[in-house]
Structures are given as structure tokens and as C-alpha cells.
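Shown next, in C-alpha cells, is the structure this report addresses.
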Amino acid sequence: MIIKNLNIADLLIIEPNVFKDERGFFFESYKKSIYNDAGILYDFIQDNQSFSTKGVIRGLHLQINPFAQAKLVRVLEGEILDVAVDLRAKSSTYGQHFSVILSAENRKQLMIPPGFAHGFSVLSATTSVMYKVDQLYDKDSERGIRYDDPTLAIDWQINLEDLIVSEKDLVLPNFDQIDWEF
């Protein structure tokens, strides 16, 4: 397993060791002891999976304390642009975002600690995304930021004519309107 630190503290890219032969491939997508040895000490308690079509943007979503979630995101089928926005008030990278292409082909994972908003856009015809969380969903703690926030200016790498966004995500506040912090 290769773990890469990023320009935003505590965000990590994880690349598993993949064993290929004439039958196909095998890799361990998660093994708690290996992650713990690498300093990734979250106690993941639930796996979530979504299926989406090209042009879908999901996010930017998060939960505030005490139900803030760490997420370990990977793609089972297709390709996404995965985005994490630092919302930790005392962080030197507060308000900055990081994006990476995650795909079934590259098998990369993005480790997102609590204190980040998370979202993704679907770049392939269809995609299945799976992510682990260390806290259960709590409706009263749910928050979000608009995907097209002008301050964040995220390039989602999709054509506007392909854009599919939920009604719920269309009414999220802009970054400069949020009234909560970590």
C-alpha cells in the first residue's frame, strides 16, 4: 500500500497493492491493521454505496460535530472527480479544496477526515462509489455547500448540458453563508 500526503493536511491518497495474473486481479481494499499501522486510526462502522450516471454531482456534503464523519472513498465501477473542501476553522488551508480522479481502473482511495465537505462528479457513463464512515448518519447534523459556489470555484470537469444535481443540493448555502465550523 502506498500512502500519499497531500497539500491539505490530513487528506491522504491510498493506493493498494494489486496482484494481477491471467485470472484478473486481487487487492485488499481495506485491512484495519495496515491502516492503523499507517496512522489511519478511524473506527469505520458503516459502508455506503451509490450508483450514478454521467453528469451527476453529489455534494458538497458533511455532518457537523458531534457526528462529523471521516470517509474512505473508492470507486467500484466507472470514474469520478472526488472533491474535499477543508472547513476546519484553525487549518492553514481553510476554504481550500482538493480534487482527484478516482476510478475502478486506478483503484485509488481518498481518506477524508472529519471537518471536510465532500462531493463528486461522475465522469463515466455510470459509476458505483463505495465509502466507509466512522459515524452514523444524523439528519440534524447534516450540512452542505453549493456545488457551484463562486468562492470555491471548483472545476467539476463535466459539461453543463450533462449536469444533474438533486433539488436538495440546489438549495444548499454558498461558502460565505455557512454559520458552522469545526
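What follows is calculated from the coordinates using simple rules that are stated; it is not laboratory data. Here the structure is a predicted model, which means the values were calculated and not measured. FYI the Cβ positions are ideal-geometry reconstructions off the backbone, even for glycines, and counts take in every protein chain you see.
What the table below lists for this structure:
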| item | result |
| --- | --- |
| Matching residues, the stretch 76-102, being of a type in the set (S, T, N, Q) and crowded, with 16+ Cβ neighbours inside 10 Å | Ser91, Thr93, Ser99 |
| Matching residues in the stretch 1-27 - criterion: being part of a strand (DSSP E or B) and within 23 Å of the chain's Cα centre (by Cα) | Ile2, Ile3, Lys4, Asn5, Leu12, Ile13, Ile14, Glu15 |
| Checklist (1) within 22 Å of Thr151 (Cα to Cα); (2) part of a strand (DSSP E or B) applied to Lys90, failing item | (2) |
| Options Leu152, Leu102; residue that is free of Cβ contacts under 8 Å to residues at least 40 places away in the same chain and of a type in the set (A, V, I, L, M) | Leu102 |
| Extreme residue, nearest to the chain's Cα centre (by Cα), among residues of the stretch 104-150 that are surrounded by fewer than 20 Cβ atoms within 10 Å (Cβ to Cβ) and of a type in the set (Ser, Thr, Tyr) | Ser128 |
| Whichever residue in the stretch 118-149 is small (Gly, Ala, Ser) and part of a loop (DSSP other than H, G, I, E, B) and, among such residues, is nearest to Thr53 (Cα to Cα) | Ala125 |
| Count - residues of the stretch 45-81 that are in contact with a helix residue (DSSP H, G or I) (Cβ under 6 Å, 6 or more places away or on another chain) and either at positive phi or aliphatic (A, V, I, L, M) (or both) | 2 |
| Among residues of the stretch 150-182, those that are of a type outside the set (Phe, Trp, Tyr), part of a loop (DSSP other than H, G, I, E, B) and over 18 Å from Asp140 (Cα atoms), counted | 12 |
| Strands (runs of 3 or more DSSP E) fully within the stretch 38-83 counting 2 or more residues that are farther than 22 Å from Asp149 by Cα | 46-53, 71-77 |
| Hits in the stretch 159-172 - residues which are more than 17 Å from the chain's Cα centre (by Cα), surrounded by 14 or more Cβ atoms within 10 Å (Cβ to Cβ) and under 19 Å from Val85 (Cα atoms) | Leu172 |
| Residue that is surrounded by the fewest Cβ atoms within 10 Å (Cβ to Cβ), among those in the stretch 47-75 that are under 14 Å from the mean Cα position of the chain (by Cα) and among the hydrophobic types (A, V, I, L, M, F, W, C) | Ala68 |
